[in-house]
Structure formats: structure tokens, C-alpha cells
Amino acid sequence: MARMKKIIPNSIYSPVALSFWLPFFFLLIYFIYRHMAPFGSSTILTVDLGQQYLDYFAQFKHTVLHDPSAFFYSFSSGLGGDMVAEWSYYLMSPFNFIFLLANPTTLPDWILLVTLLKVAFAGLTMALFLNKAMHLKGYIITIFAINYPLSAWFIANDLNLLWLDTAILVPIVLLTLHKALRNGKVWPFTLSLALAILSNYYMAWMLALFLVLYLPIAWANEQPKHSLILLFKTTLASLSAVLVTAWLWLPTLAQLRLGKTTHSAKWTLGFENNPAFLFFKLIPGSFDFNQMQSGQANFLVAPIILFFIWPFFSKKSISWLEKLFSLLALSILILATCWTPLILLFHGGQYPVWYPARFSFFISLLIIILAARGYKTGWLPSIPARIFFLTGTLAVTIFGSLQLNKLSYLDKPELLAFLFVYLLTILTLLFLNQHLPRLWALGILTSFFLIANLAMTLNHISYLTNKEYQSGAKQVSLVDQSLKQDHSWYRVAEGLGRTYNDGFLGNFKAGSHFSSLLPANSATFYRNMGQISGDSKVSYNNGTTVLDSLLSFKYYLDQSNDSSAKSTTALRKSNRPDYQKAPVVASGNGWALKENQTVLPVAYAASNQALNTPINIRYPLANQERLLTYLAGKKDEILLTQQPLTISGSYNLAKSQNITGGVIQAVNKREPASLLLTFTPTTDGAYYLNLGGAFDLSGVILTLNGHQIKQESGYNHTVALNLANDAKGKEQTLAIVLQKGTSQRYLDDFALYAFDKKKVQSDLAKLRTHPLKITKSNSRTIEGSISTTKEQPLIMTSTLSAPGWSAKVDGKSVATKTVAGGLLAVPTTPGKHHVILTYTPPYLLAGIAISSTFAFLVLLIYGYKRFFSLARSRRP
């Protein structure tokens, strides 16, 4: 040991430092083994990390380096949305500054580094807590501390980088709490708690609940004098942390009220999963994709941690109150992983969508703390303890072996690893009495167990290949590069794309968005216009010639028509024949960027009739027709007509009399079944197929003239699918194919429609006559001049209406209006006007006022005390 200290500097070799480096290298070795970039052909990207977070990291860089106004609002998120709340959840980690060094090509490499650093820092903070608060000495600190960053929660959630900062800070928060109870200094506790709130409001809520459970434990441990005074100071310190961070959480709360909290959860007294199955989560590798979606909590730590809980409860030197509060806290945390009321409480009143029991690292943390309190050098398990540990180990092994064919996340190697390490740990505690050999043995067994869990868990997860990522990232990046010369205000619709947040990665105004803070009105507007929407995403894949123009989609990213198109097939999002003859402004390998020549600007003069546009949630094409005609001041004009569909053949189907509202049913569901429909366009306009929300597209293939139609599934409302354009007099054959195993489908609202091309172009041309001439714009402001008329006095925009938008016309504030349940409009009088549209997140100014006022009062009080303290010290 002495020789090793000479070789390795003490700062690196210390127990606290090793708690940082061991998790770092254990995880790094695994990443290298999996050939993750920059070490091979795979990446660290999987599930939300690749589909969502990566794009946010690109947006972080864009905001910091190029457009600070994007901190408040962004037009790259759907049709535009608040960003302060999204930063509060996704982007407040200081580790994100590392991404300033990245570009779209290298982002996966830097994400891997940030993952390693976050896991390592969790080990470091845990070691500091065990050393300073629990008074552990020597390398037992390392053995206990690495159980935190290498616990099952961390390994299963290493892809959820946004949650890890709070987990890193929790040991510091608890350490400062213990110190506050010892010496009465609460400002470090205030500071650490404030940092935790800023790091992620969602995880901070769980931390607040945990602190309520942990405070009595810490109180019984420290047994402070002047209890009432300290309780008051601790409460005041917690409140101070809340007030000083109001500038961030208050506008975030406002956005939650507009989105997340509008979806009410069903409160019951039942259980969401079987509590008995929690014992299987003690087995290394007990996690897979099914568990990721809806499984039991992940809280696994090494056997040494669980074994030393026994002396915690048997030690006479530990007060019965501390034991009671610890048992109560642990019981509540475990119950909260399966009992509905506590699940909803810990998750902010909402059921977690994927990643269940997101707070379960607190279970691992508390178990480690209790084990540290119970730790005693040379401890020998008593006879009851030996029986309990041995019986429990064998029971979990036997019970687990009986469930091997029932539970997808369990296999024989995992059970053997569990049995092997648990038995060896028991033998080590029983027969290895010398301190140093015992420490080495426990360290090796603990490391082996945690590494086994790491490898077995992550082996259950598939990752995006570097080739797959690079092809999508390159495609998205080319959009902005290809349009550098266009300085107008425009959006880009994607027929090709990588994720719902491509606008962030490619730095362009897009139409789709995936966010946990999606406003409800955004999803509603998309649904009413025939676009796919849900609680957390909106997808602009079903645009029309009308809607694209109304929403300022000037460009469409399409698959090229040459032989290179195969290279982008995997990126294809939609079917848009209405762009088949549109002019190409840029192209490359497998892609073409096409221009919409009837597009409207971001703001223009329109008729006041638009304020009364009727909306019917079942008929999105009719909603688009009404929106255009009401904007043009022609509310009685007919632009949309239903077109005939004829049944021309079928295979393996029972006879059906109806198409719209009919049912197609396979005679033999073991074989494919198909229905053939034909139609012949009578105009050169665009033809759209109306698909009702009850028409389930899973197990269904749609083809037109033998070519498969791309259409996203998994929605529950009506969408419109573009079938043909410029095909006058040419018979079209539409096939509905039920794949093997699909017995029947209900053709809900299944009908064909066509827009009158000439009338549509005439109305759009009328609306383009009085555009807003933009003189200044950024992510939260649009300023310019516009002329309105008696016939068109309304300033209409393609921006989503939201509470944060304000308008000034000729220097005077004007109340904004909402058109068609979603779009922002400003009423004016006829004439030439100077207009400024500005977005300010609701309650942001109030939050800043609260935080700054509180900070000023604190500084004032501190200065007052400091002044009189110095004055008293100078008296003779």
C-alpha cells in the first residue's frame, strides 16, 4: 500500500478521489466494449437521449453562442413555444457548457463524456457526504460511495442526463443539512438546495419530499441544541432557496398549468405493480426495455450495503428515534414505487410515461446512509443475521428461478451472479477478520457485482449506430446550410427527418416538437388541422397546400426522385405528391429542398371574419378550408369537395357494402387481406384521404399505384393524407392491406377530398397583398410595418397564440386575439402601422422581482450585521 502511494499521487489515490475515478473508468470500459463513438461504430444514443435530448443540447449551444433570446421562446419547437420552462427541465445543467465544443457530427461523443462525468461526480459527492457527515474513514468510503453512481437507478437512467444533476447534488444538500444542524450555519444548505432546484424543477420536487422524510433522521442523528431555533432556521433556509429561484420555477409553473397539469390522472388506492417483484430488483441486470416502459423501481446496490443495515438497527449507540424515522422513510419510499397515491405524489400528480419510479435513487441513497451509520470495522454477523441473510439470498434465487420464463429481464447468468456475490460476501464477513484483506475482498466483490449489473443491464438495451445517426444529422444540418441566402421569415416542413426536434439540431423553424412541457393548446390546434398530436409531441407530417401556406412553410424537404433516394428511405416521414412539381432550390444525395410558391408571410392583413372561424374536431380538411375562406373574407366560399371512391377488388375479405364508416374483415387472418379502391382525379389539384382516429393503422399497409404510402400511426384523431396531385384523368389505385394476424379494421371517416386549386391560389394571393415588412426579428420579437385595409383590418400571424405574447401597434399596446383556436392575431384600424410582437414568459417578471427583492433584502441584512459587527470591534 505504501509503495502504491508513492507511485500514485495521494490526491488521485485518496478514497474520495477513487469514488470519482472508479465509476468513471468502469463505465468507460463498458462504452469502449460496446464500440460507442468515438470508440467505434455505435453511439451512446438510445430512446429519449437520441430522440429528444441531443437536439436540446444543440439548441443550448445555439442559444448561448448565437441567439440569447431563444432562452425565452423558439420557433424551432413546433409552430413556436415557450423555452424558459423547457430550459428549467432540460437544459440547466452546467455540464451542458461542454456541448459548446460540439457540432452535430460530434455530439454523441461529447454526450458520452458528459455521461461519464456526471456518474463520476455522483460518486465524488457521495464520498464527501460519507466522509464529512457519516464520519467514515479510509477506503470503506470508496466501497460504499461507488454504490451510489453505480446503483441500478443510475445505470438504467444514464440516458436521462437531465435528471443526474439533482442526484449529484443530493449528497451535498444532505451534507449541508447535517452541518446546519451541528453549527447553525444554514446558508450552505440554502445554496445547495437552490442549485438543486435550478438543476431540474421536476427532480427538485422529489428532493423536497425526500427532505421531509430525511430531516427527522438527520435531527435524531445530530441531536442539536436549541431545536426550535434550528428548526425555524432550517425552514427559513428552505424557503429562501425557493424564493431565490422563483425567477425560474414560477414561469415554469405557468407553463405546466398550460400543458402538463391539464391532463388529469386517476387517483385510486390500488397498486400499479406487484410489490413482491421488487425483490428481483436486487438481482444484477434486472432491467430491459419492458422495464423501461412500465416496470418496478431500480434501486440495486451491492450486498455489503444491505448487510450493514443490520448493525444499524441493532446498534445500541443509535437512538431508537433515528431507527424509527429511518424505517418509516424507507417504507414510504418503497411503497411509493408501487402504490398509486404515492406514485402520483412523487411524480407531481402525473403517471410517469416510461421510466417508472424516477425517484428510486433516494432508496439507494438512504440504504447507503443507513449502512454507513451501521458500519463497524471487523463486524461479525450474529446468528440471527446469518440465518436472515442466507435464507433471503436463497429465497430470492429460488423464487427468481421459478420466474425465468415469465419475466423477460431475468436470466440464469444474472441469478448466478446474484447468488455468487451474496454468498461470497457473507463468507467474507464471517471468516475474513483481518482488516486489510477483508477490505480488499469487500472492495473486489462490490466492484464485481456493480460491474456485472452495469454490463448485464446495458446489454439489454440497443443503441443507435453511428451511421444511422450521422445520416440523419447530416440531412438535418444541410437544411440551414442550403438556405443561408434566404433572409426572409419562413418555416421548413420535413418529408425527411431524424426526430421531432430536428429544428433544434438543424437550426431552422420546423413544425414538429417533442417535449414533456408541450402546451395543450398547441396539441389541440394540430389535432384540429389534421396533424398528429399527443400529450408530449406534435408532428407536422400531414400538411396540405392550404395549411403549408397559411403556416408559412416556405420549403419542403423531400426525397429526391433519382437513384440516390434509397439513401434517405429510413428518414422518410410523409407522403406529399403536392410538392412533386414544386421548384427545387437545393438538392443532394437522396434529398431535395422544394419551394412552396403560395406561402404566406409570418404576418399579413386579413379579414375580421377570421375571428369567428368555426372548428370541427372531426373534419380537419374542412377546418383548413374555413380558416382560409374566413381569412380571405369569403366565409361562404366552397373550396373542398368530396370525391368518389370505387371498390375495384378485394382478396381474403368478407363483403362490405360501405367504404366510409365500413369494416373490412379478413376471412383468414393468417393470410394477408386487401381491399382495392380506385378514383380518377377530375382536376389538377391535390387530393387528400381523410383517415378517422378510429382507423387503426397498426398492421395495415396503404399503397397507391403499387407504392407504399408513409403514414405515422398511433394517433386517436382524424388526419389527412395526400394521395395525388396534378393527376387529372389518370386512374389511381389505392390498396388497404391487412397484414397477417390483423383480423379487421374500421374505416372511420375514410373519404377522399380535393381542394379547388384555382380558388385556393386566388385566396392566398389576396392575403399576400398586404404582408408585414419585417425590420427586426429574433426568437421572441417580430417588428415591422404593415398596411391594413377596410376589408382586411386584422393582422393575422402564423404564430401560435399564447399568454406570453403582447402586441404594440404604433407604440400603443393592443390586446391580441386567437383565431381558429390556435393562431395569434392583432386587430387594427385601416391604415399603415408599425407593429411589434413580443413574447415574455408568463410570470417571468414576477419571478425575477421576487428573487431579486429577496436577494437584495438578504444582502441588506448581511451588510447591516457586518457593519455593526465591525463597528463594535473598533470600539476601545
Formal net charge of residues neighbouring P793 (Cβ-Cβ distance under 13 Å; K, R +1; D, E -1): +2
Greater than 24 Å apart at Cα, pairs in K137/K179; K634/K776; K233/K865; K266/K573: K634/K776; K266/K573
1.4 Å probe accessible area per residue over the chain, in Å²: 42 Å²
Alpha-carbon spread of the range 797-876, three principal axes, descending order, Å: 78, 27, 14
The range 165-239, accessible surface, carbon-and-sulfur percent (1.4 angstrom probe): 75 percent
Helix-derived mean residue ellipticity, 222 nm - over the chain, DSSP H n ≥ 4, -39500 (n - 2.57), to 500: -13500 deg cm²/dmol
For the range 212-350, average projected area of the Cα convex hull in nm²: 11.9 nm²
Peptides ranked, highest mean first, by Cβ atoms within 10 Å: ranges 291-303, 582-594: 291-303, 582-594
Rounded, prolate or oblate (a/c below 1.5 giving rounded, otherwise prolate when a/b exceeds b/c) for the range 297-418 by Cα gyration tensor: oblate
Fully extended contour minus Cα-Cα distance, from Y33 to T733, at 0.36 nm per residue: 246.9 nm
Sites N716 and V584, calculated FRET efficiency, Cβ-Cβ separation with R0 35 Å, nearest 0.05: 0.45
Overall form of the range 219-282 per C-alpha gyration tensor (a/c, 1.5; a/b vs b/c): oblate
The range 729-863 - convex hull of the alpha-carbon atoms, volume per residue in Å³: 263 Å³
Mean-position separation - Cα centroids, the range 141-198 and the range 419-440, in angstrom: 29 Å
Förster radius 41 Å - calculated FRET efficiency between T646 and L394, Cβ distance, rounded to 0.05: 0.05
Pairwise centroid distance, computed over Cα atoms, of the range 698-775 with the range 340-387, Å: 53 Å
Percent of Cα pairs exceeding the 24 Å cut-off, where the set is the range 606-729: 40 percent
18 Å Cα-Cα reach of K728 towards lysines, excluding residues that sit fewer than 8 places from it in its own chain: K581, K757, K758, K759
Cβ-Cβ FRET estimate between S806 and F313, R0 fixed at 51 Å, reported to 0.05: 0.25
Rounded to whole Å, sorted largest first: equivalent-ellipsoid semi-axes of the range 443-556, Cα gyration tensor: 38, 19, 11
Label-point separation in nm, S408 to D696, each point 7 Å along Cα→Cβ: 1.8 nm
Farthest positive-ward along the chain dipole, Cα basis, beta-carbon charges - from P583, I786, F868: F868
Label-point separation, D726 to T769 (7 Å along Cα→Cβ), nm: 2.8 nm
Extension gain from A265 to K655, taking 0.36 nm per residue of separation minus the Cα-Cα distance: 136.2 nm
Average projection area in nm² (convex hull over Cα atoms of the range 563-636, one quarter of hull surface): 7.3 nm²
In Hz, Karplus ³J(HN,Hα) per residue of the range 498-512 (6.51, -1.76, 1.60; θ = phi - 60°; x = Gly, Pro): 9, 9, 6, 10, 4, x, 5, 5, x, 6, 9, 7, 10, x, 10
Contact order normalised by residue count of the range 188-250, Cα under 8 Å, 6+ apart, percent: 63 percent
Packing-based order for 16-27, 202-213, using average beta carbon neighbours within 10 Å, highest first: 16-27, 202-213
Tensor-based shape of the range 1-122 (alpha-carbon gyration tensor, a/c under 1.5 rounded, otherwise prolate or oblate): prolate
Which listed pairs, of K509/K710; K118/K323; K61/K118; K773/K817, have C-alpha distances above 27 Å, in listed order: K118/K323
When the range 173-270 is reduced to its Cα atoms, the Kirkwood hydrodynamic radius in Å: 14.8 Å
For q = 0.20 Å⁻¹, Debye-computed log10 I/I(0) when each Cα of the range 321-362 counts as one equal scatterer: -0.59
The range 66-137 - convex hull of the alpha-carbon atoms, volume per residue in Å³: 126 Å³
Solvent-accessible area, 1.4 Å probe, carbon plus sulfur percent, for the range 819-873: 74 percent
Kirkwood Rh in Å, taken over the range 340-397 so that all alpha-carbon pairs contribute: 14.6 Å
For the range 605-714: relative contact order, % (alpha-carbon pairs under 8 angstrom, 6 or more apart): 18 percent
Enclosed volume per residue, in Å³, of the convex hull spanned by Cα atoms of the chain: 202 Å³
Percentage, to the nearest whole number, of Cα pairs in the range 87-206 over 19 Å apart: 51 percent
Length-normalised contact order for the range 129-260 - Cα pairs under 8 Å, 6+ apart - percent: 25 percent
Within-14-Å neighbourhood charge of D67 [Cβ basis; K, R +1; D, E -1]: +3
Point-to-point label distance, I387-I444, nm (Cα→Cβ direction, 7 Å offset): 3.2 nm
Translational diffusion of the range 389-452, µm² s⁻¹ [Kirkwood Rh, Cα pairs; Stokes-Einstein; 20 °C; 1.002 mPa s]: 168 µm²/s
Cα point-scatterer Debye curve for the range 537-601, base-10 log of I(q)/I(0) at q = 0.29 Å⁻¹: -1.33
Protection proxy ranking, peptides 859-867, 619-627, 701-709, average beta carbon neighbours within 10 Å, highest first: 619-627, 701-709, 859-867
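The values are calculated or read from the model by the stated rules, or taken from the named source; none is laboratory data. Model, not experiment: these values are computed from the prediction. A quick note on method: Cβ atoms are made from the backbone with ideal geometry, for glycine too, and the neighbour counts reach across all protein chains shown. The area values use the complete protein model at the heavy-atom level, side chains included, leaving out ligands, DNA and RNA. Shrake-Rupley method; radii C 1.70, N 1.55, O 1.52, S 1.80 Å.
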